[in-house]
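Notes for the one structure printed next.
The values are calculated or read from the model by the stated rules, or taken from the named source; none is laboratory data. This structure is a prediction, so every number in the text was calculated from the model and none was measured. Ideal geometry is used to build each Cβ from the backbone, glycine not excepted, and the neighbour counts take in all protein chains shown.
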Amino acid sequence: LEELRRVCIVRGSILAELGAGAMDALSWSRAHGLRVVLVSNTLWSAAEDMAADLPALGLDHLIDGVVTSHTVGYRKPHRAIFERALAIARVEPHDAVMV
């Protein structure tokens, strides 16, 4: 199955374009020492697939980690996907914001 998943992934198709103000918000977060973890519900894309697309969007230096439902095995809003993001960010839930 893992080999089939890899064949089905089209690089660069995961993140087509950023929403208005996204780059400014991410840059502000980085400038203020905040960690940013991208959390996404995906069918086929593992965290490493999405992370591989970040440089093409100029986001590789602004995102500290990626968590996908494919990788974790649970979709948002299940707590497991957010717990993985918190672990990557090295913060407690009361010190985090989900946007």
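A few remarks follow.
- The listed residue being in contact with a His (Cβ under 8 Å, 6 or more places away or on another chain) and at pLDDT 95 or above, out of Arg30, Arg84: Arg30
- Any hit, region 82-96, residues being of a type in the set (Phe, Trp, Tyr) and surrounded by 18 or more Cβ atoms within 10 Å (Cβ to Cβ): yes
Rundown of residues vs (1) modelled with pLDDT under 80; (2) more than 27 Å from Leu86 (Cβ to Cβ), yes/no style:
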site	(1), (2)
Leu1	yes, yes
Arg6	yes, yes
Arg11	yes, yes
Ala16	yes, yes
Ala20	no, yes
Ala25	no, no
Arg35	no, no
Leu38	no, no
Leu43	yes, no
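- Only one of the numbered conditions (1) in contact with a helix residue (DSSP H, G or I) (Cβ under 8 Å, 6 or more places away or on another chain); (2) modelled with pLDDT of 95 or more is violated by Leu59, and that is (2).
- Being surrounded by 12 or more Cβ atoms within 10 Å (Cβ to Cβ), modelled with pLDDT under 90, under 22 Å from Leu18 (Cα atoms) and of a type outside the set (Phe, Trp, Tyr) is a property that holds for Asp53.
- Residue within region 65-80 that is surrounded by 14 or more Cβ atoms within 10 Å (Cβ to Cβ) and either farther than 28 Å from Glu3 by Cβ or among the basic types (Lys, Arg) (or both) present: yes
- The set of residues from region 47-64 being charged (D, E, K, R), free of Cβ contacts under 8 Å to residues at least 24 places away in the same chain and closer than 22 Å to Trp28 by Cβ comprises just one member, Asp60.
- Test: Ala47 is closer than 21 Å to Ala22 by Cβ and touching a Lys or Arg at 6+ places or on another chain (Cβ under 6 Å): no
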